[in-house]
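What follows is a single structure, written as C-alpha cells, with notes after it.
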Amino acid sequence: MEFDLQSSRPIWLQLSEQLSRRILTGVYPPGSRFPTVRDLAAEAGVNPNTMQRALSQLETDGLVTTNRTAGRTVTEDTAVLDALRKRLAGEATERYFSEMKELGYTRGEAADMAAAEKERKE
C-alpha cells in the first residue's frame, strides 16, 4: 500500500492520517509490532524526522505505544479504535453532504439518495 502525499497539506499530517487508516483497516492489527521510523520513511520517500513527527501524533492519539526495548506496537484498546473509526466516518459523511449541497441537493435529499443506493445494492 503506497502513501498518497500532496503538497497542499503538511506531509507529517497526511502520513499520520494514512497510518491511522492502515491501523483501522487491519494492515497493522491491534497488538502488532509497528514498522520502524526508518522503514516507514523509506517506504513513503520522506525524511525520517518527518515520519517521526507523524508517529508522535499517532502516540498522542493513543493508536501506538512505544516501549524502549520492543519498539512501537499498535494499541489493543478497542475504545480508542472505535472512537477513531466514528470520527473518520463522521468526516466522510460530512464530506458527502457538503458535496451534495454543492450539487444543489438538501441534506434530506442526499440522505434519501444514499438510502436508495443502499437498497439498490442489497
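The values are calculated or read from the model by the stated rules, or taken from the named source; none is laboratory data. Remember, predicted model here, so these are calculated numbers, not experimental data. Because the Cβ atoms are built from the backbone with ideal geometry, glycine has one as well, and the counts that use them run over all protein chains shown. For the accessible areas, the whole protein counts, side chains as well, though only heavy atoms, and no ligand, DNA or RNA atoms are used. Shrake-Rupley method; radii C 1.70, N 1.55, O 1.52, S 1.80 Å.
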Can we say VAL64 is among the β-branched types (Val, Ile, Thr), open to solvent by less than 90 Å² (accessible area, probe 1.4 Å), touching a helix residue (DSSP H, G or I) at 6+ places or on another chain (Cβ under 6 Å) and touching a residue at least 24 places away in the same chain (Cβ under 8 Å)?
yes
Enumeration of residues in region 32-43 that are surrounded by 12 or more Cβ atoms within 10 Å (Cβ to Cβ) and in contact with a helix residue (DSSP H, G or I) (Cβ under 6 Å, 6 or more places away or on another chain):
VAL37, LEU40, ALA41
Of those in region 4-27 that are touching a helix residue (DSSP H, G or I) at 6+ places or on another chain (Cβ under 6 Å) and more than 18 Å from GLY62 (Cβ to Cβ), the residue surrounded by the most Cβ atoms within 10 Å (Cβ to Cβ) is ILE11
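If I go through region 69-90 residue by residue, how many of them are open to solvent by 80 Å² or more (accessible area, probe 1.4 Å) and free of Cβ contacts under 8 Å to residues at least 60 places away in the same chain? Don't jump to the end; show me each part of the working.
First pass over region 69-90, keeping only residues open to solvent by 80 Å² or more (accessible area, probe 1.4 Å): 69, 76, 78, 85-87.
With free of Cβ contacts under 8 Å to residues at least 60 places away in the same chain added as a condition, the list becomes 69, 76, 78, 86-87.
Qualifying residue count, region 69-90: 5.
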I'm checking my understanding of the structure. Among residues of region 46-57 that are open to solvent by less than 70 Å² (accessible area, probe 1.4 Å) and without any contact (Cβ under 8 Å) to a residue 24 or more places away in the chain, which one is farthest from VAL74 (Cα to Cα)?
PRO48
